[in-house]
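Report on the structure given below.
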Amino acid sequence: MTAAPASVDLHGLQHRDRFVAVGSRQSRRRVQGWERWRSLLEHSLTNSLEERRRADKPGWIPCELHHQIVRLVETVELAQERLEGLIGWLVRSLDQIGHSLWANAGFVCTQVYGSRATGLALAEADVDIVLCFKWTPSQMQQAERVLQLCHWLDQLPWALKVEPIPFASTPLLHMNINTEHQTPFNNLPVDISLGGVGHAGHHGTAVAQFVKQLNQAYPPLRPCVIYLKSVLEQAGVLGSANGGMSGYMLVLMAAHFLIPRVNEQQHDFGKIATLMIKHLLKHLNPEKETTTLGMSREKVLEIFPGATFSKSEEAASQPSTNTTVIVLDPLQPGNNVARLCYRLSEICEVLEIEMRANRRRCFHSLIE
């Protein structure tokens, strides 16, 4: 079959009978090529129009990567829904323990923060929980109460591998949950820390609320971040504990890309995510000069009117293992969220591979 013309020759289609009458082999092949090309064109247009009707966005045809991201987000949401009952039971159980141990020490409530609270958690993500007190406990008080909590949890059958870390910069307790029945969430990892009530009492709860507001203000942020987290996790470079990119760092860099483009009418998550990867590569390249990414206090208050700002002397004094990019925490001036991300070359390599794969998935030209 000869190559199809760039545009359908309607004049030739109307007079195809004349070419058939000639009876030459070349004419027959040309007619067959036109017929097949017209059939493919009609099929493509029919599918495109049907997708436009379903999306209710005239002129928009989603790429393959967009559909993959949508399916990934649906999978994440389904897993989160199945986990909500277990997390709710855990919060109530820790509430009872907290009131039993520290009724006279100002214990108030138990809250979930981190990716499980913001809707950005992947399937294997742990659950971050903070026990809130009326007054923010000192670091020594936190260490003592972590050990008290460890002693209590050791006696419970559903608490497995209880491991206190009382002398870390932020004292916490790590454990796994054992449910009565085997479920996909058996041995679910949980991290428990202590703090005060409200955003000023615990930085993690403030960050969770801020990220929720970002998700609402910029709808493409959540699906694109979930997709990028899955890419980095599969490559083993997600999480600051192993020198990779933390979820909060990824959110802030993605928001830095989206905020100036808030008025652009782009509905294709595949195109947005691919451009977001280009943005990440631009700033994470270890061979370039150091750049600083931040957000003005006015913009933070516009997105999150209830934001409180606290300065962490400890975070500001910690040395940075990353000399390429500085990502400033909008809620904690002086805190470089990227200071522990030292595997920049590996991260860039993973993103470049994904970029090349996206060129095949996004068959439409990218917006510039």
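The values are calculated or read from the model by the stated rules, or taken from the named source; none is laboratory data. Please read these numbers as outputs of a predicted model, since none were measured by experiment. Every residue, glycine among them, receives a Cβ derived from its backbone with ideal geometry; neighbour counts consider all protein chains shown. Areas reflect the complete protein model, heavy atoms only, side chains present, ligands, DNA and RNA absent. Shrake-Rupley method; radii C 1.70, N 1.55, O 1.52, S 1.80 Å.
Suppose we keep only residues that are touching a helix residue (DSSP H, G or I) at 6+ places or on another chain (Cβ under 6 Å) and without any contact (Cβ under 8 Å) to a residue 40 or more places away in the chain within region 114-163. Which one would you say is farthest from GLY204 (Cα to Cα)? Here the residue is ALA159. Against the numbered list (1) over 30 Å from LEU160 (Cα atoms); (2) modelled with pLDDT under 90, LEU252 comes up short only at (2).
Criterion first (acidic (Asp, Glu), assigned to a helix (DSSP H, G or I) and either open to solvent by less than 10 Å² (accessible area, probe 1.4 Å) or more than 16 Å from VAL337 (Cβ to Cβ) (or both)) does GLU302 satisfy it?
yes
Counting only helices (runs of 4 or more DSSP H) that sit completely within region 56-172, those holding 2 or more residues that are within 19 Å of the chain's Cα centre (by Cα) and surrounded by fewer than 16 Cβ atoms within 10 Å (Cβ to Cβ) correspond to 64-102.
Can you pull out every residue in region 209-228 that is over 8 Å from the mean Cα position of the chain (by Cα) and either open to solvent by less than 20 Å² (accessible area, probe 1.4 Å) or farther than 17 Å from GLU64 by Cα (or both)? Selection gives GLN209, PHE210, VAL211, LYS212, GLN213, LEU214, ASN215, GLN216, ALA217, TYR218, PRO219.
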